[in-house]
1. So how much slack lies between B:Glu76 and B:Glu115, counting 0.36 nm per residue of separation and subtracting their Cα-Cα distance, in nm?
2. Convex hull over the alpha-carbon atoms of the protein assembly as shown: what's its volume per residue in Å³?
3. Quick check for me: using +1 on Lys/Arg Cβ and -1 on Asp/Glu Cβ, what's the dipole size of the stretch B:1-140 about its Cα centre, in debye to the nearest 20?
4. Averaged over peptide A:4-16, how many Cβ atoms belonging to another chain are found within 10 Å of each residue's Cβ?
5. Relative contact order of chain B, please, whole-number percent, based on alpha carbon pairs below 8 angstrom and at least 6 residues apart.
6. Among DSSP beta bridges lying fully in the protein assembly as shown, give the percent that are antiparallel, nearest 5.
7. Apply 1/(1 + (r/R0)^6) to the Cβ-Cβ distance of B:Ala332 and A:Lys83, taking R0 = 30 Å, and write down the FRET efficiency to the nearest 0.05.
8. Rounded to the nearest 10 degrees, what's the angle between the helix B:3-17 long axis and the longest principal axis of chain B, both from Cα atoms, 0 to 90?
Amino acid sequence: MARIIVVEDEELIATMLRINLRGAGHEVQVFPCAEDMLEHLEHEIPDIVLLDIMLPGMNGDEALRKLRAMGHDLPVMMLTARKDAGLKVSALDGGADDYVTKPFDMAELQARIRALLRRNN
Amino acid sequence: MTGPRKHTTGALRWLGRNRHTVFFGVSFMLLAALVSWWAIYLRALEMDQHHYRYKELRLEARFFASLLGHMPNPPEDLESLRGAEHLRYARCEDSGDLTVAMRPFHPETCLAPSEETITTIEREHRSKSMMVLGEGALSLFLILVTGWMFFRMVAAEHRSRTELRDLWSRVSHELKTPITGVKALLQTLEAQELPREEVLPLLRLALEQVDRQERLTENLLMGQHLERDGTRLHPRPMELGIFLTEYIDGLSVSLAGRRLVSRLDLPRGGKVRADPNALRVILDNLVDNAVKYGGDEPEIRLEAEVDGSWTRIHVVDFGLGFDPGDAELVFAAYRRLADEVPSERRGTGMGLTIARGLARRLGGQLNASSDGPGLGARFTLSLETEET
């Protein structure tokens, strides 16, 4: 299926995403910070990135802009607990393809991932 | 978007965000300009009046000079002429600018204003000028002070709103994050069967998240109570050694793999006056803070000692530390000096504020010190030693 990168510093959420996405047949790699993910992108390009916004060090918003500035046009889905419209607008304007607020429904998240992958293909 | 257009849009956004400050700032400036202009206008009016009085005096003198010039025997004393009490005879060289107009046809004799008249005119002019200038300066000062106070009030209100928005954003994140993990775990367990050895560590993580949420809720409630000054504490003499030993044994704060090393240098039976629940909340927040900012160092220390009439409890970490000048800033509500901590250890920025508030309510003190960034931090809770 697809190669998915998850950038999430909350251990339980990251683990649950890994278990569920692997269960759906995807290949999953988890990074606890954005810097590690950006470094990884220099060697390997996944099919989709799930990016948390509130991360230690570089936040998800900055990481997204950096990723786009590097020329990657892969689909990026932002994950965050914050619902304010300003943040959503900023993320979508910054190049995000989708925006999911926590706590999310695992089935809905997977459906959104499938939709993004379909659009990208 | 092009450069100048971008700048214009940015300026318009800034104006939109700060419209109240800009509106009141401009209003106060206009008011100050109006008062200045009014004071200048009144002063000019007073100058005109001053000149007019001399002009009036000159006309009066000219009239009497003409009158005296037609008298065959002019009186020795001018005061005998009705209405000429402001004038006196003077030698023409002493009569200043009145000389030509006020020659009453007596050789070298002119009319001049009396000394008393000139003194009165000048005194009134000085006093009115001073009054106008004083009132103008006072009004300007009051407007500027009011404007400055108002500006500070608006700035404080703006800061408070920003802090509150920031707090709610953090609270929302802190509340939703554990729920997200636990919900994802429950949904997964509902949808698929996982091996027991895989489930157990996940359950432990989920329980940690629930503890974290419980602590957050307690802190929020405690913060709210403290703000309203409604927290009822019940200080009583308590044996600190026993309390601390029990506290360490039943520690509810996650140490995230760190080691808590204690050194209790307390006399047997040594007591302090405190409320055990409040003391537990203070220590929880201090230990939690040490875990958050403990950096890569695995050790946290909890020490206690008696120092005269004070009993001191130190919570020491060897992590991120802070600039010694920021020692008070760490207790400011909703503030965090470093964002480099992982988010599972981030909080609302209220823990230390609450801890200090409680320490003060117990009649004690809570202070922080650090030798600098990267050199760890020491938080010292001082409580009054109970006489035995």
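All of the numbers you see were taken from the coordinates with simple rules; none came from a lab. Since we're looking at a predicted model, the values are computed, not measured. Here Cβ is always computed from backbone atoms with ideal geometry, including for glycine, and neighbour counts include all displayed protein chains.
1. 12.2 nm
2. Numbers: hull volume 144.3 nm³, N = 509.
Convex hull volume per residue, Cα atoms: 284 Å³.
3. Dipole size: approximately 1760 debye.
4. On the way: counts 0, 0, 0, 0, 3, 7, 9, 8, 16, 11, 2, 8, 13.
Counting other chains' Cβ atoms within 10 Å and averaging over A:4-16 gives 6.
5. Averaging sequence separation for qualifying contacts and normalising by length gives 12 percent for chain B.
6. Values: 32 of 56 bridges.
Among the beta bridges of the protein assembly as shown, antiparallel pairing accounts for roughly 55 percent.
7. The value I calculate is 0.65.
8. For B:3-17 against chain B, the angle is about 90 degrees.
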